[in-house]
Amino acid sequence: MRNMEFKTDREKTWLEDSEGRQIALLEHPEIKPGVVCITHTEVDPAYGGRGIASDMTLFVAQKLKREGFRVQLFCSYARKWFSNHPEFSDIVE
């Protein structure tokens, strides 16, 4: 699954399997201008242990940084991920 093509909109980022079923989700609504809150991350248990959540969080963090957003972390997975990736600490509120 290393060639993951994440889909994204203003509220969430997700991954679909080859049949178009959503297998992973990271919700990140904008809570005020220029600030999003990562509220939820999940991966279908059938796809667990493959690094999908980490890759998806990296994708979102890079996108937020590139676009000049700041992020608040409500999701426990996101809090842990960002604490292990200090290169993104400058966007965390």
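The values are calculated or read from the model by the stated rules, or taken from the named source; none is laboratory data. The structure displayed is predicted, hence computed values, not measured ones. Note that we place each Cβ from the backbone using ideal geometry, even for glycine, and neighbour counts take in every protein chain shown.
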If you check residue 64 against the conditions, is it more than 14 Å from residue 92 (Cβ to Cβ), in contact with a helix residue (DSSP H, G or I) (Cβ under 9 Å, 6 or more places away or on another chain) and surrounded by 15 or more Cβ atoms within 10 Å (Cβ to Cβ)?
no
Residues within region 23-44 that are under 17 Å from residue 91 (Cα atoms) and polar (S, T, N, Q), tallied
1
What number of residues within region 75-87 satisfy the criterion of being surrounded by fewer than 16 Cβ atoms within 10 Å (Cβ to Cβ) and either in a loop (DSSP other than H, G, I, E, B) or not charged (D, E, K, R) (or both)?
5
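Just the residues that are assigned to a loop (DSSP other than H, G, I, E, B), in contact (Cβ under 8 Å) with a residue 24 or more places away in the chain and on the phi < 0 side of the Ramachandran plot, please, taken from region 18-46. It would help to see each step written out before you state the result.
Filtering region 18-46 down to residues assigned to a loop (DSSP other than H, G, I, E, B) leaves 18-21, 28-29, 33-34, 39, 44.
From the residues that got through so far, the ones that are in contact (Cβ under 8 Å) with a residue 24 or more places away in the chain too are 28, 34, 39.
Passing the criteria: 28, 39.
Just checking, which of 57, 13 is in a strand (DSSP E or B) and modelled with pLDDT of 95 or more?
Details: 57 fails: in a strand (DSSP E or B).
Being in a strand (DSSP E or B) and modelled with pLDDT of 95 or more holds for just one of 57, 13, which is 13.
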In region 30-62, what residues are basic (Lys, Arg) and over 22 Å from residue 17 (Cβ atoms)?
32
Residues located in region 47-93, provided they are out of contact with any Leu (no Cβ under 8 Å at 6 or more places or on another chain), among the basic types (Lys, Arg), closer than 17 Å to residue 27 by Cβ and without any contact (Cβ under 8 Å) to a residue 24 or more places away in the chain:
80
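Which of the residues spanning region 49-89 are of a type in the set (Gly, Ala, Ser) and under 15 Å from residue 11 (Cα atoms)?
The first filter runs over region 49-89 and keeps only residues of a type in the set (Gly, Ala, Ser), leaving 49, 51, 53-54, 61, 68, 76, 78, 83, 89.
Of everything in region 49-89, just one residue is of a type in the set (Gly, Ala, Ser) and under 15 Å from residue 11 (Cα atoms), namely 61.
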Is there a residue in region 66-74 that is under 21 Å from residue 16 (Cβ atoms), among the hydrophobic types (A, V, I, L, M, F, W, C) and either part of a helix (DSSP H, G or I) or touching a strand residue (DSSP E or B) at 6+ places or on another chain (Cβ under 6 Å) (or both)?
no
